[in-house]
Every structure is written in C-alpha cells, then in structure tokens.
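A.B. asks: Dumping the structure here so I can ask a few things about it.
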Amino acid sequence: MAHRRPWHCYSKWTRRPFQHKRSSNHRREYARGGAQSKIVRYWGGDKDTPWEEWDVVIGLKCDKQVQLSSNALEAIRISVNSYLQKVLGRTGFRFRVRSKPFQKYRENRMLAFAGADRVQSGMRNSFGRSTGMCARIRAGSIICDVGTNLKNVAIVRDRFRIASMKVPCGCSTVLIKYKTPEIMKKTGLPIYDAKKRQEIPIYEFATV
C-alpha cells in the first residue's frame, strides 16, 4: 500500500487551480473524485453571542502563502476547540475556522513492488488522481479566530501557539476586535485589519 507523500510537495502554490486551468471554457468548476474533506464543523463554543459582545477577538495569522490540508484544519480545530471547551466552558468563547478546503490536490502514484516498471507508465499521463482537499491561504490571512473575555487571553494565546505547529509556515497571534482601548492595551497583541491584511499602527487605534 502506497504511503502519503510529505506535505511539502503540496504546500506551495503560485498558479490557478488545476480545474480552472484545464477546463475548455475556463469555468470555476470542482474536480471530481478523490477523498472528501476531513473537517466538517467550522464553529465552536457559543455561536449565539455576537462578536461585538466579546471583550476581544483574537486571530491566528498566516505569514506566508501556503496550501493547508483539510487534515491540518481539523487538527487545528480540535486542538483549540476541545481545550477551550473543557477549560472555559461552552459559553466562555466563540470559535471559528475561516479557511475552507475547496482545492483538490492530486498525486501520480507510483508502484513500488518488483517489476513495477512493466505495469505503469511512469511520468506519462502524470496529471494524477485527486488524493484529498486543501485550503489556499494567502499571506496575512486569518486561519481561525476566537472571541472571549480579557481574562482568558493567555489561554487562547497558548492554544494558538500549539495550533500554529500544524501549519507549514510561521504564524502569529493578532488582535482583530476589541471593546475599549484599555482592553486593547492590556492584551499586548498587535492590532490587525483582517480585510486589508495589514497591521494597524498604534496611533490609529482610536479610529478603528
């Protein structure tokens, strides 16, 4: 049985998706076949409480442009959501995974047993078959975010530190929303604009 290829074979991307490039009329259609996404739930905690009612909203920012597999997204969700639910309770936070695995990656599987050179075509017709699904993440995008109270910031930062180990590039924890400037100063996190994908200077915090 063939083993899975290391993820550094798929982590980088600089072009359009395969199905968009190969279609005759350039429609953004999905490639058929292959394994389904490993992550099914994208929310956790108290979903009924709006984001504006939490003291702070903290996000995990990706520093480089990478592809992130659905297995890694599920590992991030479990590592953050399960621990926060056990420590803070179901109503003590609101969790969301922003990245969605819409891109299917392909693999040209090679036979590894004796005499395999006579039963396979090598790199001919090497477009491969769909193996799994992944998310295309641009540099500066927010992978997931958590809304919570000020006293729980240290716990959320530690879980984001563990979740960043599932990502094949560097990540950083940033502050997306806050209630008052006093709360913003106590967190000690850099203020970040998720839409523009850039940090906000400290002298502009009053107009955010």
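A.B. asks: Six or more apart or on different chains, Cβ under 9 Å: which pairs go from a residue in region 167-191 that's of a type in the set (D, E, K, R) to one that's modelled with pLDDT of 90 or more and loosely packed, with under 15 Cβ neighbours inside 10 Å? Could you list them?
C.D. replies: Sorted first by the residue in region 167-191, then by its partner, the pairs are 177/51; 177/52; 179/52; 179/53.
A.B. asks: Kindly provide the set of residues from region 140-185 that are part of a helix (DSSP H, G or I), surrounded by 19 or more Cβ atoms within 10 Å (Cβ to Cβ) and more than 16 Å from the chain's Cα centre (by Cα), ordered by number.
C.D. replies: Passing the criteria: 152, 153, 156, 184.
A.B. asks: If residue 206 meets every condition in (1) part of a helix (DSSP H, G or I); (2) within 21 Å of residue 52 (Cβ to Cβ); (3) modelled with pLDDT of 90 or more; (4) not aromatic (Phe, Trp, Tyr) apart from one, which number is that one?
C.D. replies: (3)
A.B. asks: While we're here: Are any residues in region 30-85 in a strand (DSSP E or B), within 20 Å of residue 179 (Cβ to Cβ) and either within 20 Å of the chain's Cα centre (by Cα) or of a type outside the set (A, V, I, L, M) (or both), and if so, which ones? Walk me through it before giving the result.
C.D. replies: Start the filter on region 30-85 by keeping residues that are in a strand (DSSP E or B), which leaves 43-45, 56-62, 66-69.
Checking the rest, the ones that are also within 20 Å of residue 179 (Cβ to Cβ) come to 45, 56-59.
Result: 45, 57, 58, 59.
A.B. asks: Let me ask something additional. How many residues, within region 139-192, are β-branched (Val, Ile, Thr) and either touching a His at 6+ places or on another chain (Cβ under 8 Å) or more than 18 Å from residue 79 (Cα to Cα) (or both)? I'd like the intermediate steps shown before the answer.
C.D. replies: Of region 139-192, the ones β-branched (Val, Ile, Thr) are 142-143, 146, 148, 153, 155-156, 162, 167, 173-174, 176, 180, 183, 187, 191.
With the extra rule that they be either touching a His at 6+ places or on another chain (Cβ under 8 Å) or more than 18 Å from residue 79 (Cα to Cα) (or both), the set shrinks to 174, 176, 180, 183, 187, 191.
Result for region 139-192: 6.
The values are calculated or read from the model by the stated rules, or taken from the named source; none is laboratory data. Predicted model only: the values in this text are computed from it and were never measured. Heads up, the Cβs are rebuilt from the backbone with ideal geometry, glycines too, and the neighbour counts pull from every protein chain shown.
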